Structure formats: structure tokens, C-alpha cells
1. Select, from Ala368, Ala314, the only residue that is on the phi < 0 side of the Ramachandran plot, surrounded by 15 or more Cβ atoms within 10 Å (Cβ to Cβ) and out of contact with any Gly (no Cβ under 6 Å at 6 or more places or on another chain).
2. Is it the case that some residue within segment 346-365 is more than 23 Å from the chain's Cα centre (by Cα), under 15 Å from Gly30 (Cα atoms) and of a type outside the set (Ser, Thr, Tyr)?
3. Confirm whether Leu180 is within 20 Å of the chain's Cα centre (by Cα) and within 24 Å of Arg49 (Cβ to Cβ).
4. Pairs please, first residue from segment 201-215 and in contact (Cβ under 8 Å) with a residue 40 or more places away in the chain, second anywhere and of a type in the set (D, E, K, R) and surrounded by 14 or more Cβ atoms within 10 Å (Cβ to Cβ), Cβ atoms under 9 Å, 6+ apart in sequence or on different chains.
5. Tell me which residues, restricted to segment 48-66, are touching a strand residue (DSSP E or B) at 6+ places or on another chain (Cβ under 6 Å) and surrounded by 22 or more Cβ atoms within 10 Å (Cβ to Cβ).
6. Name the strands (runs of 3 or more DSSP E) wholly within segment 182-276 that hold at least 2 residues that are among the hydroxyl-bearing types (Ser, Thr, Tyr) and under 30 Å from Arg149 (Cα atoms)?
7. Filter segment 254-297 down to the residues that are in contact with a strand residue (DSSP E or B) (Cβ under 9 Å, 6 or more places away or on another chain) and charged (D, E, K, R), then identify the one that is most open to solvent (accessible area, probe 1.4 Å).
8. For a quick check of your reading: which helices (runs of 4 or more DSSP H) sit entirely within segment 85-173 and have at least 3 residues that are of a type in the set (A, V, I, L, M, F, W, C) and closer than 30 Å to Leu382 by Cα?
Amino acid sequence: MTSPLEGIRVVEIGTLIAAPFAGRLLAEFGAEVVKIEPIGVGDPLRRWRKLHKGTSLWWYLQSRNKQSVALNLKSPDGVEIVRRLVSEADVLVENMRPGALEKLGLGWEDLSAINPDLTMVRISGYGQTGPYCDRPGFGAIGEAMGGIRYTTGSPDTPPARVGVSLGDSLASLYGVIGALMSLLRVKTGQGKGQVVDVSLFESVFSLMESLVPEYDVLGFVRERSGGTLPGISPSNTYPTRDGGYVVIAGNSDPIFKRLMHVIGRPDLADDPALAHNDGRVAQNDALDRAITAWTKTEDMDEVLQRLEAAEIPAGRIYSAADIVADPHYRARGMILAGALPDGKPFKMPGIVPKLSDTPGEVRWIGPALGAHTHSVLQRLHLDEAAIDRLRREGVIQ
């Protein structure tokens, strides 16, 4: 079985989330990803969030299937090694601040001269151009500028954030999409390589649905709305008798009718004013009160059983414990078993998307810093004497 990206070579020059997550996705589907890390400390993600014996559990996930090469990019010899890697690569993924690679002689003009077929994925806070391009930008700032922070949370509280690095991950996904489109162009002989310019704020902004035309045409500013979905009714989070919360999406016309019958309100099911979404939106608060009056009289399992029997989309809100215990996650291969370097078993997320003939796979977890430096330099035809010299001089680790 051949991986879909087998034979594709990727160089990753990035830290933390945006570029490394893109590299992880490419590596999961067979690309050979060489991750360049600073000697001594490596990617700061190695010490982010929860650690096991000094190394982040996130690191083992984010860098699975990658080769770690520890280089000093302040050294001309270190830069030359990157140039040699790029000369045989298909893709370079980076999330440095715009201009940083140019200062090292590793900008687009430099690298495309070495390899005209190179695709360079550049992920940054504000993009490679425009008045803000030189500003530092993390995912949280991209989420704020992209509009999603303003609309997240309850109306009576300050804007909230999603509990994951959404802006970075969205930018990574767009980076991978752009890389694949560029690769298709190159591999089919339709053209040379190109720059894929992805910004954090634009990646978030692209998800904001009809936010702009609603403001432009109607002067409407979408505000925070808690668990409900403005303009779509009923769709909200409702409390159950046993202290849980169930998400119910009863917003299509036939589903709404079935939902009203389940909650014992046939009068609402047959009300012509509620037959379509626009009419229901006008009475959304009353509908939410009616649904809540029912869910508060039932335990979570009872609510879900009755809604499932009526073919109404609904679900509990999952914690990490719920996810790991859920049989559907396991059946879909979304909880994979692995082992940490000390042999301790651990669970990690599976791979998305599911390809029927050439699925992705986890070949190894995030490697030790510089674990592949020697083998990668050998592949570049450096002899042992040259490798030893580079190590003595602090160019490699």
C-alpha cells in the first residue's frame, strides 16, 4: 500500500503550532518531513502544556513521523545545509515573522533560484504583505482580528476564546491545502513552484459565514449569543435533570416538527407561524424555553434515547474522558495506542481524513532533538569527517 504523499519531501522551519501542524498533516500521509530545530533547546513546543519526564505530550503528537535535524541557523554552514535540503525538496513550510528567512539568505527569491519547483508555504500573523505584515502575530491575535473572538461567548461577558489554538490550526489546514494545489500544478507539468501565503487572521475570517454582507447590506453586527446559533432556530444547549447539557439541533422544518412532538408540544409543531426557519427565529426565545422545560425533566441518557428514536440531531458535550471511552471513536480509529520513549503506553488522536485506499499512518512519535541529524546529513552526501567538524563547531547537534 502506497501513501498518497510518498516521495514528497518537505522541509519544516517553524515552531509551536501553525507550520508544525501543517508538517504533521503532510507527514501522516507519507511525506518525508525534515524538521529544522535550534540546537540545544529545539522547538519550544517540547515544553508546552503537560509534560512527561520533561517533554510535552503535545510534542509527541505534533511531531509524529517527522525527522528532527538540530541546526544553528546563525552559522553559514547551518544555512548551507538548509539550502542543500531545499534543493531536493518539494515543499518548505515556515512560520517565521516575514523577513526573518530573507535575513538568513533563505527567502523565496533565494530558494526558488535553487529549486524552481519548490512550493514555499509561509504562515504568519498578518501575511507577507500589507501594513501589518511586520507585526508579531499569534493565533489568539488572529482569532481576535478575524472576527471569531467578538462573536464567541455570552452576551453579558467579555469575548471568550475557544479552548484550543484555533487560529493556528486553521492556518495550518489552509497551508496544506495550498501546498497540495501547488504540488498538483508542478507534478502535472502545468507550472513551477510558488509561494502559498497564509495569514492567521484571514484563515479565521474565512470561516465567518455571512458576517460581512450582513453588516454591509443591513448594517447588522453579529454579537455574542452564548450556546445558540443566531438566525437558525432552534439550535442551542439545554440543561438536563441530572446536571448535564445536551446540544439539540432542531432547525430543519421536518426535524422541528418531530422535536415538538417529542417534548409534548404538538401545538408548536402545527403552528403555521413556526413552519419555517424565519418564523421560528422570531420566536426563538419562546422555543428555547419550551425545549428547556422538557429537558429539565429528563436525565441525559433518556433525552438522547428519545431524540435518537425520533431522528433528531443531538449529543452530549464530550470531555476528554468521554472521548476516550466512546465506542464510536474507537471504531473509527480515532484513538490510537502508542508508547512513550520510556515504554509507557499512551493514547493519541487518530488521523483525519479517512482515505479508503491510501490511509495515513503513524510510523513514530515526535523524536528526540536531533535524532535524525546524522542520517539526513549522510543523505546529503556529507562524509563522517565533515559531520564531525560541524558537530565540534556547534553547527549541528
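1. Details: Ala368 fails: surrounded by 15 or more Cβ atoms within 10 Å (Cβ to Cβ).
Within the list Ala368, Ala314, the selection yields Ala314.
2. At the first step, the residues of segment 346-365 found to be more than 23 Å from the chain's Cα centre (by Cα) are 357.
From what's left, under 15 Å from Gly30 (Cα atoms): 357.
Okay, now just the ones that are also of a type outside the set (Ser, Thr, Tyr), so 357.
Within segment 346-365, one or more residues are more than 23 Å from the chain's Cα centre (by Cα), under 15 Å from Gly30 (Cα atoms) and of a type outside the set (Ser, Thr, Tyr).
3. Values: within 20 Å of the chain's Cα centre (by Cα): yes; within 24 Å of Arg49 (Cβ to Cβ): no.
Judged against the criteria, Leu180 is not a match.
4. So the pair list comes out as Phe201/Glu143; Ser203/Asp168; Val204/Glu143; Val204/Arg149; Met208/Arg222; Leu211/Arg222.
5. Listed by number, the list holds a single entry, Lys66.
6. Working: elements: 195-199, 235-239, 245-249.
Of the strands (runs of 3 or more DSSP E) lying wholly inside segment 182-276, those with at least 2 residues that are among the hydroxyl-bearing types (Ser, Thr, Tyr) and under 30 Å from Arg149 (Cα atoms) span 235-239.
7. Lys296
8. On the way: elements: 100-103, 108-114, 139-146.
Ranges flagged: 108-114.
The values are calculated or read from the model by the stated rules, or taken from the named source; none is laboratory data. Being a predicted model, the structure only gives us computed values, none of them experimental. Glycine gets a Cβ as well: all are built from the backbone with ideal geometry, and neighbour counts include every protein chain shown. Heavy atoms of the whole protein, side chains included, go into the accessibility calculation; ligands, DNA and RNA do not. Shrake-Rupley method; radii C 1.70, N 1.55, O 1.52, S 1.80 Å.
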